[in-house]
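Where a number appears in this text, it was derived from the coordinates with a stated rule and is not lab data. Just so you know, these numbers come straight off a predicted model, no measurement behind them. Virtual Cβ from ideal backbone geometry, glycine too; neighbours counted across all protein chains shown.
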Amino acid sequence: MKTVSILNHKGGVGKTTLTGCTAQALALTGFRVLAVDNDSQHNLSTMLGTGVCEPTIRDAYINSETEAPQQFLHAVRKTEIENLHIITSSRYLRDSDVPNDCHLQRVVDKCDPGRFYDYMLIDNAPGLDRLQESAINASDEIFVPTELKQFAVNGITEMEQILKDRFPDGPHITKIIPNYYRDTKRHNSFIAALNSLFPGRITSTAIPIDRVFDELIIEGKILFLHRLYSKGAAYYLKLIHELFNLDEEEAWERMMEKRKERISDEARERYYRQRNSEEREQQ
Ligand SMILES: Nc1ncnc2c1ncn2[C@@H]1O[C@H](COP(=O)(O)OP(=O)(O)O)[C@@H](O)[C@H]1O
Ligand SMILES: [Mg+2]
């Protein structure tokens, strides 16, 4: 199992969107995925359709190392997508819940989720405090989505320095993903700057601005099932190919199949709902 933390000390850069969309894409193409919501705003829990479900990740933090592994496993919930499970978060989750920054790592080691999953993806709150440190220690790699602004570029350099100081043997930032991309001179020059600062780690796929991401949240929809033909889905498929070596064409075909299944399931449900209500009216 590979564990990836999605991290950026800034908010609103697309961490939750990246975690949710990649988790869905991996699961829809047949991998077994555990998504972990490590943010008290619990946006990932909302995005993946479960909302907050007790016990949450907080229970894995506030219990002793003997109790916590059981809580961690009890906290796992199924989502609408087969093979995609989630540990939801709680609005009460605080840095002070973390007993020490190796707690989560030890809990995960004891549970050995690698028996059940190919990937564990941890969505983090902005910042670089105890909750994030805890996730970093439990991770093999770090992915950083970023906006294309001067402060954001400076921020990643700082973040990398902090990570090196605090986690000399810890996981590295392996991928930096430009988000909210527009094909303008300014954005292209930020990407060039990022490439010279972090050679080989900037994904060649930059995610463009697309309203589809907000629509998904409002409508509770799934990018690769309900908006497969959107610009956002096309770029995310390219990105996932880069991040996880997924065959893009194969992924597209599998998602097309799932999408067809979904459309016919929904049509069948609508038909039965309508028939039942007509029958009730006639009685
Ligand atoms: N490429 C994009 N284009 C347009 N909107 C986006 C894009 N990526 C994310 N968003 C939207 O931006 C907002 C912040 O994204 P989110 O993933 O919640 O950021 P974070 O988790 O870093 O705070 C959300 O409303 C999301 O739908
Ligand atoms: Mg978020």
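Of note:
- Among 111, 102, the order by Cβ neighbours within 10 angstrom, fewest to most, reads 102, 111.
- The residues 46, 16, 3, when put in order of fewest to most other Cβ atoms within 10 Å, stand as 46, 3, 16.
- Rg to Rh quotient for the chain, alpha carbon positions, Kirkwood Rh: 1.00
- The chain - share of DSSP beta bridges that are antiparallel (%, nearest 5): 10 percent
- The H on the amide N of residue 176, modeled in the peptide plane, is under 5 Å from the matching H of 144, 202, 203, each at least 5 residues off or on a different chain.
- Amide H contacts of residue 181 (H built 1.01 Å from N, under 5 Å, at least 5 apart or other chain): 207, 209
- Extension gain, residue 184 to residue 217: 0.36 nm times the residue separation minus the Cα-Cα distance gives 9.1 nm.
- Each Lys and Arg contributes +1 and each Asp and Glu -1, all at the Cβ; summed about the Cα centre of the chain, the dipole is approximately 640 debye.
- Taking 0.36 nm per residue of separation and subtracting the Cα-Cα distance, full extension of the segment from residue 254 to residue 266 would add 2.5 nm.
- Cross-link partners of residue 260 among lysines (Cα-Cα below 17 Å; sequence separation of 8 or more within a chain): 221
- Backbone phi angles across segment 166-182, fed through the Karplus curve with coefficients 6.51, -1.76 and 1.60 (θ = phi - 60°), yield HN-Hα couplings of 7, 10, x, 9, x, x, 9, 6, 9, 9, 10, 10, x, 10, 6, 7, 10 Hz in residue order; Gly and Pro are listed as x.
- Convex hull volume per residue in cubic angstrom - Cα atoms of segment 49-144: 105 Å³
- Sequentially through segment 98-114, phi angles give Karplus couplings (6.51, -1.76, 1.60; θ = phi - 60°) of 7, x, 7, 6, 9, 4, 4, 4, 5, 4, 4, 4, 5, 6, 6, x, x Hz, Gly and Pro residues having no value and appearing as x.
- In order along segment 155-164, phi translates into HN-Hα couplings of x, 5, 4, 5, 4, 5, 5, 4, 4, 5 Hz, rounded to whole numbers, per the Karplus curve 6.51 cos²θ - 1.76 cosθ + 1.60 with θ = phi - 60° and x for Gly and Pro.
- A simple spin-label model places pseudo-atoms 7 Å from Cα toward Cβ; at residue 192 and residue 273 they are separated by 5.3 nm.
- Residue 122 long-range amide H proximity, modeled H, under 5 Å: 4, 5, 6, 36
- Residue exposure proxy: 169, 210, 183, 247, ordered by other Cβ atoms within 10 angstrom of their Cβ from fewest to most, comes out as 169, 183, 247, 210.
- In segment 1-146, the DSSP beta bridges split such that about 15 percent are antiparallel, to the nearest 5.
- Exposed loop sites, defined as trypsin sites (Lys or Arg not before Pro) outside DSSP H, G, I, E and B with at most 15 other Cβ atoms within 10 Å, are absent from the longest region of the chain, namely 1-90.
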